[in-house]
Amino acid sequence: MNNAEDHENPAHPGRRAFLKGFGAAGAGAVALVAGAEAVDGLLGPEGTPASPSAMAVPVAGPWRPGNGHVDVLWGVDTAQKLVALTFDDGPMPNWTPMVHDVLDAERVKATFFLVGERLAEHARLVHGRMDRHEAGNHTWQHRDLSRLSHDKAVEQLRRAHAAIDRIVGKEPRYLRPPFGHLGGTTLSAAGAFGYDIALWSIKMLEKTYEDDPPRLVDYIVGNTGPGAIVLAHDTGNRDRLVALRNLVPMIRGLRAKGFEFVTLSELMNASQAPPRPPGARARPALRRG
Ligand SMILES: [Zn+2]
């Protein structure tokens, strides 16, 4: 367990340097908390970062003009019953078409965090199917950006961005870093593209409920609140099928509670969060896991 105050701890010089660099980049308090989490995960046994080049934000740029901050969001502050369904790691032939079929039949909008290389190889899977949906950047090769240099992280985002723009016909506005891992270069590379970073507030617990689909449906319908971002995957391990095969009861259950499905950008537009005073903590409690 750690929190933003830990950055004065002299046993964690890497984290302190990271936070200072991060502050210089002008990022918000929410991201500071996320940054502290990520740094901890990469500290070696003696407190040294496993990959120093990926820890610090390269404050010398290259920043795009006018681009001074990156927001990291788990969800959106809104009283409106809006929810953003997100699907990561596709497109792949195994389940992506099935997900599109369900979303089309239920007339649900979603956001797909696409892996660029997979998109380039399976472009036909998304042709004519993304009109209602939003496309986000999930890197070119599903790389852990927190372990890459700024230049390599930028390259991962650049190639995926270009593929999404070319094949889907929409420019991504959000990065979802693979594995949810954040490092300094994750933030600096996102900043170079003007992205915000979209994590999630609730995810499909496929492993937990693989053999009990009704409880997975109850879990999602019962725990999704206004402004939630739901994480699902349209490819991957076979256990993920339990979520994809039960999308219809989840969608209908949430609609019965008054929820409307929107893209991530639409969810952000509904944000009612007041500007944070300088130095304020983001929230008293963050949902973990
Ligand atoms: Zn992923």
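Values in this text are rule-based calculations from the coordinates and carry no lab data. Computed from a predicted structure; not experimentally measured. Please note: Cβ atoms are built from the backbone with ideal geometry, for glycine as well, and neighbour counts cover all protein chains shown.
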Karplus-derived HN-Hα couplings along the stretch 248-256 (A = 6.51, B = -1.76, C = 1.60, θ = phi - 60°), whole Hz, x at Gly and Pro: 4, x, 5, 4, 5, x, 5, 5, 5
Long-range HN-HN contacts of Gly136 with modeled amide H, under 5 Å: Phe112, Phe113, Leu114
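Going by how many other beta carbons lie within 10 Å of each one, how would you line up Met250, Met92, fewest first?
Numbers: Met250 25, Met92 18.
Neighbour counts put them in this order, fewest first: Met92, Met250.
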Net charge of Cβ neighbours under 9 Å - reference Thr263; Lys, Arg +1; Asp, Glu -1: 0
Coil-residue GluC sites (Glu not before Pro) of the stretch 151-214, DSSP, other Cβ within 10 Å capped at 16: Glu210
Total formal charge among the other residues, if their Cβ is under 15 angstrom from that of Ala120, Lys/Arg +1 and Asp/Glu -1: 0
Nearest-20 debye value, the stretch 79-208 charge dipole, Cβ charges on Lys, Arg, Asp, Glu: 100 debye
Per-residue HN-Hα couplings for the stretch 197-205 [Karplus 6.51, -1.76, 1.60; θ = phi - 60°; Hz; x = Gly/Pro]: 9, 10, 8, 8, 9, 8, 10, 4, 9
Stretchable slack from Asp211 to Arg245, in nm (0.36 nm times residue separation minus alpha-carbon distance): 11.0 nm
Local net charge near Ala243, Cβ-Cβ under 14 Å (Lys/Arg +1, Asp/Glu -1): -3
Note, ³J(HN,Hα) from phi for the stretch 68-84, Karplus 6.51, -1.76, 1.60, rounded to Hz, x at Gly and Pro: x, 7, 10, 8, 10, 10, 9, x, 10, 6, 7, 8, 6, 7, 10, 9, 10
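So for the stretch 83-159, considering every pair of alpha-carbon atoms, how many percent are separated by more than 16 Å?
Numbers: 1451 of 2926 pairs.
In whole percent, the share of Cα-Cα pairs in the stretch 83-159 beyond 16 Å is 50.
Ranking Arg129, Arg255, Arg238 by Cβ neighbours within 10 Å, fewest first, what do you get?
Numbers: Arg129 19, Arg255 16, Arg238 10.
Least crowded to most crowded, the residues run Arg238, Arg255, Arg129.
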